[in-house]
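Report on the structure given below.
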Amino acid sequence: MAEGLTIGLDIGGTKMAFVLADRQGNTLDSRTEPTQSGDSFNDTVYRISRTLNAYIADYAPIAGIGVGVPGPVDSERGIALLAANLGWKDAPLRAALRKRLARAIPVYVENDVNAAAIGEGRYGVAKNVDNYVFLMVGTGIGGAVLLNGGLLRGATHSEMEIGHISLDPVNGRLCGCGRRGCLEMTVSGKGIVAHAQEHLPDYQNTSMSADSISTHELISAARRDDPLARHVMAEAGRALGLACAWCVNLFNPGLIVLGGGLIRACYPLLESETLSALRARSLPLNSQAVSLKLSALGDGALGAASLVWYHQDEERQS
């Protein structure tokens, strides 16, 4: 039934991913377009609405449209408060899209990590789990928390900025936020690269050189047992385990879902240290109740599509 279809859009720094999905999370169509982050907000909205209207023309009626955006989002008003990679501040995304749609269709806007977390709860490994944490580890690290089936919301729409909790505020590596020792400077794509570059002089027997260090090369080198790469991955695993322990002690979840590009690429290299640090740094009662699972979706657009059902369920219950 067309009424059971939703459109999901995940807006990233380099690409926009669209998906048309049914109520069970089956994908009927998917498309990607370059973000062209140098474009103005209005130009980007025009390009997005053009693709959305193509779907609407072919599949109307549609139950709703879900949009995942990086950075803090005021979901009640549909405003992207600060999407730095896109150059957006206080961008009225929902209103701008609704104005350009061919038909009146509900539009829901969320932070992209929140959208991914909701998608896992509806279609992925967190299905039928009421209390879980989602950690997204890619270029940076962010999180979302669902308690009793509902998203944890913060006063300034910037909850679970776990990547900016400091491991070493005095001597740690400088983070893009201006502070030192942030978690994401140890466990994230940019973090493991920075760590490897910092410790390169300490590992004369490494196969890597200053101009060859990248996330991809680090992962490949770690699989070859390169000592520097293994050191970096071990530190990243311990930091990830510490982050999981914080979540376990704070929220007492039954499940932590790990997603994002870095995790998908190298979790086996991190797993042992992650689990060891989690057990060592969290209360036994809590750590015994939690399990860690990798994200099943790996698709931000499908998570965005699930926003429609999540918000419409909330509206019915209010």
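The values are calculated or read from the model by the stated rules, or taken from the named source; none is laboratory data. Since the structure is predicted, the reported quantities are computational estimates derived from the model, not experimental observations. Here the Cβ positions follow ideal geometry from the backbone for every residue, glycine too, while neighbour counts run over all protein chains shown.
Scanning segment 131-147 for residues that are at pLDDT 95 or above and not in a strand (DSSP E or B) turns up just one, 131. The residues of segment 59-103 that are part of a helix (DSSP H, G or I) and within 26 Å of residue 298 (Cα to Cα), listed by number, are 59, 84, 85, 86, 93, 94, 97. For segment 285-299, the criterion of a residue being within 30 Å of residue 4 (Cα to Cα) and either in contact with a Leu (Cβ under 6 Å, 6 or more places away or on another chain) or among the hydroxyl-bearing types (Ser, Thr, Tyr) (or both) is satisfied by at least one position. Can you pull out the strands (runs of 3 or more DSSP E) entirely within segment 1-46 that have at least 3 residues that are not assigned by TED's automatic domain parsing to the domain that holds residue 58? Filter on segment 1-46 gives an empty set. In a loop (DSSP other than H, G, I, E, B), within 17 Å of the chain's Cα centre (by Cα) and not β-branched (Val, Ile, Thr): does that describe residue 159? So residue 159 fits the description; yes. From the list 222, 210, the lone residue that is modelled with pLDDT of 95 or more, over 21 Å from the mean Cα position of the chain (by Cα), more than 30 Å from residue 73 (Cβ to Cβ) and among the hydrophobic types (A, V, I, L, M, F, W, C) is 222.
Is it fair to say residue 276 is within 25 Å of residue 185 (Cα to Cα), in contact (Cβ under 8 Å) with a residue 12 or more places away in the chain, surrounded by fewer than 18 Cβ atoms within 10 Å (Cβ to Cβ) and outside the structural domain of residue 21 (by TED's automatic domain parsing)? Yes: the conditions hold for residue 276.
Among residues that are more than 26 Å from residue 261 (Cα to Cα), modelled with pLDDT under 95 and among the polar types (S, T, N, Q), residue 40 is included.
The set of residues in segment 29-51 that are more than 22 Å from the chain's Cα centre (by Cα) and loosely packed, with under 13 Cβ neighbours inside 10 Å comprises 38, 40, 42, 43, 50. So is residue 168 loosely packed, with under 14 Cβ neighbours inside 10 Å, among the charged types (D, E, K, R), in contact with a strand residue (DSSP E or B) (Cβ under 9 Å, 6 or more places away or on another chain) and over 23 Å from residue 84 (Cβ atoms) or not? When the stated conditions are applied, residue 168 passes them. Test residue 103 against the criterion of being in contact with a helix residue (DSSP H, G or I) (Cβ under 8 Å, 6 or more places away or on another chain), over 26 Å from residue 295 (Cβ atoms) and either polar (S, T, N, Q) or not assigned by TED's automatic domain parsing to the domain that holds residue 24 (or both), and give yes or no. Criteria not met by residue 103.
Residue-level check: of (1) over 18 Å from residue 7 (Cβ atoms); (2) crowded, with 23+ Cβ neighbours inside 10 Å, residue 88 misses just (2). Just to be sure before I move on: is residue 30 hydroxyl-bearing (Ser, Thr, Tyr) and either without any contact (Cβ under 8 Å) to a residue 12 or more places away in the chain or within 30 Å of residue 148 (Cβ to Cβ) (or both) in the structure I sent? The answer is no for residue 30.
Tell me, please, whether a residue that is charged (D, E, K, R) and in contact with a helix residue (DSSP H, G or I) (Cβ under 6 Å, 6 or more places away or on another chain) can be found in segment 121-135. Taking every residue of segment 121-135 in turn, at least one turns out to be charged (D, E, K, R) and in contact with a helix residue (DSSP H, G or I) (Cβ under 6 Å, 6 or more places away or on another chain).
The set of residues in segment 206-227 that are closer than 12 Å to residue 269 by Cα and β-branched (Val, Ile, Thr) contains only 219. Set side by side, the residues 238, 230, 180 differ, and just one is surrounded by 15 or more Cβ atoms within 10 Å (Cβ to Cβ), farther than 26 Å from residue 292 by Cβ and of a type in the set (Lys, Arg), which is 180.
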